[in-house]
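The values are calculated or read from the model by the stated rules, or taken from the named source; none is laboratory data. Note that the structure is predicted; figures quoted are calculated from it, not measured. All Cβ positions, even for glycine, are placed from backbone atoms using ideal geometry, and neighbour counts span all protein chains on display. Heads up: the accessible areas ignore ligands, DNA and RNA and are worked out on the full protein's heavy atoms, side chains in. Shrake-Rupley method; radii C 1.70, N 1.55, O 1.52, S 1.80 Å.
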Amino acid sequence: KHYGEGIINQYSIKLISEVDKKYNTTNLKRMHQFYLLIEKGAPLAHQLSWSQYQEIIVLKDYNEINYYINLCMNNSISRDELKSRIITKEYELV
């Protein structure tokens with residue numbers, strides 16, 4: 001286990017029982033990753049959906065993150081198209 005993982009699990013159990021099942025451990029981890037992304041200074045694009053952000057927040061390189069955010073905003077691509085472009089490492093080819 002990683003440091004703090006137990007805390008996320010505890011909060012997940014509490015939130016699921018008090019609020020909604022969408023606060024499962026996986027979603028809480030994604031929310032934390034999203035927070036860390038924004039904290040690093042990534043632009044918060046209101047045009048992106050949560051599902052698009054879920055694909056982007058796992059990336060480590062800030063420039064790569066910005067590339068895919070801009071790609072989504074400028075080309076109105078779907079989550080599936082974004083996922084495909086990330087898998088094929090489009091950023092590295094540019």
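Worth a mention:
- Among residues of region 42-94 being among the small types (G, A, S) and open to solvent by less than 50 Å² (accessible area, probe 1.4 Å), the one that is nearest to L28 (Cα to Cα) is S51.
- Residue list for region 82-94, filter: out of contact with any Leu (no Cβ under 9 Å at 6 or more places or on another chain) and part of a helix (DSSP H, G or I): K83, S84, I87, E92, L93
- Among the candidates E64, E90, E18, residue that is of a type in the set (D, E) and under 15 Å from the mean Cα position of the chain (by Cα): E64
- Looking across region 10-29, just one residue is open to solvent by less than 70 Å² (accessible area, probe 1.4 Å) and modelled with pLDDT under 85, and that is D20.
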